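> Dumping the structure here so I can ask a few things about it.
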Amino acid sequence: MALFATIRSYEHPALHRNPITGPKCPTRNPIGSLRSIIIPMKTKSMVVHTQVADSSLVQPLLSEEVVITKTTGPLFEFKEYMATKAKKVDKALNEAVPLQYPKKIHRAMRYSLLAGGKRVRPVLCMASCELVGGDESLAIPTACAVEMVHTMSLIHDDLPCMDNDDLRRGKPTNHKAFDEQTAILAGDALLSLAFEHIAAKTTNVSPERVVRTIVELGSAVGSLGLVAGQMVDIHNEGKEVTLRELEYIHVHKTAKLLEASVVCGAIMGGGSEIEVGKMRKYARCIGLLFQVVDDILDVTKSSEELGKTAGKDLVTDKATYPKLMGIDGAKIFAAELVAQAVEELAYFDAAKAAPLYYLANYIANRQT
């Protein structure tokens, strides 16, 4: 399956199977999809170690041990890696948005930006930079910018005129904590600051690569990116939506920004065109995967577990993968996306790609 290699992402054939029965489970999954993948740090021609995750997402789909890659050496400490990277991002974000006059708008910006979250997008940005040989310092301004854009999208998505949500990351949404006008302006300010931050704070990277990064992030957010997905999503509320239309919505509304996170990191790190292309394909898979998992969690978890309002999609009758494919079909599609994502990483050194292997598995098995 050469997902996204020769066809547009919203034409992925796995989406166009019987929406009632869902896609058939592959007889052999090439990567131990949605298991805990143990990727050692040094590579030799040895047998990989795999470990079954304690996850309810797709563990039941798998019935056999699978070889991922041939590696040996000390295990990669993924939790420590995520915590270390997130701490660096949080520090940089705190410094990027100081509390200054007018204090109310800056408090609102900081309220949502520093509310926690998994920092998946900035970590992806930093990991892809390092994968192609760059130092993480080259990507930190861009990683912060991606998180600013993501936070803007959450603030605006929660507004009464959009999804009208009261809870985000376990806290009242921005317009509930402040007011609707302030929330809109806080999102606007974060969006503009994102591009300013890349241009002003990036060092030791060629101007050409900085411009490429700004263009990449801008296109992911605009009328052919995140905004396009949101617009089509709003337009189709309460309507019958095909799987192809649903993929278009989520490729643009969710996956585009994840794709930009990875691609921008690779650009900042000095990646070749081939490397950037491989990272783009990997990112498109995990970007769509993120939304498939989100849809599954929305109908299987409580608001307390998610840190946001659960069951909103059912209440508003929104099209979701579980609704169109069934829970089992959505889980199998998620497994296929993980498989393709890991296949793209096979081009790179396994030790250097370890964080991205784990991040794909983490996105697949996340519970919030």
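The values are calculated or read from the model by the stated rules, or taken from the named source; none is laboratory data. Bear in mind that the values here come from a model prediction, so they are computed numbers and not experimental data. So basically every Cβ, Gly included, is an ideal-geometry build from the backbone, and we count neighbours across all protein chains shown. Protein only, heavy atoms only, side chains kept; ligands, DNA and RNA dropped before computing areas. Shrake-Rupley method; radii C 1.70, N 1.55, O 1.52, S 1.80 Å.
> In the set Lys79, Lys91, which member is closer than 30 Å to Arg209 by Cα and either part of a helix (DSSP H, G or I) or free of Cβ contacts under 8 Å to residues at least 60 places away in the same chain (or both)?
Answer to the check: Lys91.
> If you check Asp294, Asp233, which single one turns out to be at pLDDT below 95, of a type in the set (D, E, K, R) and within 17 Å of the chain's Cα centre (by Cα)?
None of the other options fit; the residue is Asp294.
> In the stretch 221-243, which residue that is open to solvent by 30 Å² or more (accessible area, probe 1.4 Å) and in a loop (DSSP other than H, G, I, E, B) is farthest from Gly326 (Cα to Cα)?
Per the criteria, the residue is Ser223.
> While we're looking at this one, here's another question. Could you please let me know if Asp165 is acidic (Asp, Glu), over 26 Å from Gly134 (Cα atoms) and open to solvent by 50 Å² or more (accessible area, probe 1.4 Å)? So that I can check it myself, show each step before the final result.
Values: acidic (Asp, Glu): yes; over 26 Å from Gly134 (Cα atoms): yes; open to solvent by 50 Å² or more (accessible area, probe 1.4 Å): no.
The answer is no for Asp165.
> Could you please tell me which pairs satisfy a Cβ distance under 9 Å, a separation of 6+ or placement on different chains, a first residue in the stretch 140-158 that is within 16 Å of Thr84 (Cα to Cα), and a second residue that is open to solvent by less than 10 Å² (accessible area, probe 1.4 Å) and not in a helix (DSSP H, G or I)?
Ala143/Arg119
> Let me ask another. With Lys253, Lys176 as the choices, which residue is modelled with pLDDT of 95 or more, basic (Lys, Arg) and assigned to a helix (DSSP H, G or I)?
Lys176
> Given the structure, is Arg110 closer than 13 Å to Ala86 by Cβ and out of contact with any Lys or Arg (no Cβ under 8 Å at 6 or more places or on another chain)?
Answer is no for this residue.
> OK, next. Using the structure shown, decide if Lys118 is over 25 Å from Gly271 (Cα atoms), assigned to a loop (DSSP other than H, G, I, E, B), touching a residue at least 60 places away in the same chain (Cβ under 8 Å) and not β-branched (Val, Ile, Thr).
yes
> Yes or no: Glu247 crowded, with 22+ Cβ neighbours inside 10 Å and either more than 19 Å from the chain's Cα centre (by Cα) or in a helix (DSSP H, G or I) (or both)?
yes
> Filter the stretch 116-155 down to the residues that are under 18 Å from Asp349 (Cα atoms) and among the charged types (D, E, K, R) and list them by number.
Glu130, Asp135, Glu136
> Turning to a different aspect of this structure: Just give me the residues in the stretch 181-220 being among the polar types (S, T, N, Q) and buried (at least 18 other Cβ atoms within 10 Å of the Cβ), in sequence order.
Thr182, Thr202, Thr213
> Take Ile198 and decide whether it is within 21 Å of Gly133 (Cβ to Cβ), of a type in the set (Val, Ile, Thr), under 23 Å from the mean Cα position of the chain (by Cα) and part of a helix (DSSP H, G or I).
Values: within 21 Å of Gly133 (Cβ to Cβ): yes; of a type in the set (Val, Ile, Thr): yes; under 23 Å from the mean Cα position of the chain (by Cα): yes; part of a helix (DSSP H, G or I): yes.
Yes; evaluated as a whole, the condition is true for this residue.
> Out of contact with any helix residue (DSSP H, G or I) (no Cβ under 6 Å at 6 or more places or on another chain) and surrounded by fewer than 16 Cβ atoms within 10 Å (Cβ to Cβ): is that true of Lys79 in this structure?
Values: out of contact with any helix residue (DSSP H, G or I) (no Cβ under 6 Å at 6 or more places or on another chain): yes; surrounded by fewer than 16 Cβ atoms within 10 Å (Cβ to Cβ): yes.
In short, yes.
> Conditions: (1) modelled with pLDDT under 90; (2) crowded, with 21+ Cβ neighbours inside 10 Å; (3) under 18 Å from the mean Cα position of the chain (by Cα); (4) assigned to a helix (DSSP H, G or I). Lys308 meets all but one. Number of the miss?
Only one criterion is unmet by Lys308, namely (4).
> Whether any residue in the stretch 255-273 is open to solvent by 10 Å² or more (accessible area, probe 1.4 Å) and free of Cβ contacts under 8 Å to residues at least 24 places away in the same chain is what I want to check.
Looking through the stretch 255-273, at least one residue is open to solvent by 10 Å² or more (accessible area, probe 1.4 Å) and free of Cβ contacts under 8 Å to residues at least 24 places away in the same chain.
> Something else now. Return the residues of the stretch 226-245 that are under 20 Å from Ile286 (Cα atoms) and touching an Asp or Glu at 6+ places or on another chain (Cβ under 9 Å); say none if nothing qualifies.
Gln230, Arg244
> Among all residue pairs at least 6 apart or on different chains, which show Cβ distances below 9 Å where the first residue, located in the stretch 167-182, is farther than 9 Å from Ala108 by Cα and the second is among the small types (Gly, Ala, Ser) and surrounded by fewer than 16 Cβ atoms within 10 Å (Cβ to Cβ)?
Once the first residue is farther than 9 Å from Ala108 by Cα and sits in the stretch 167-182, its partners that are among the small types (Gly, Ala, Ser) and surrounded by fewer than 16 Cβ atoms within 10 Å (Cβ to Cβ) give Leu167/Ser303; Arg169/Gly116; Gly170/Gly116; Lys171/Gly116.
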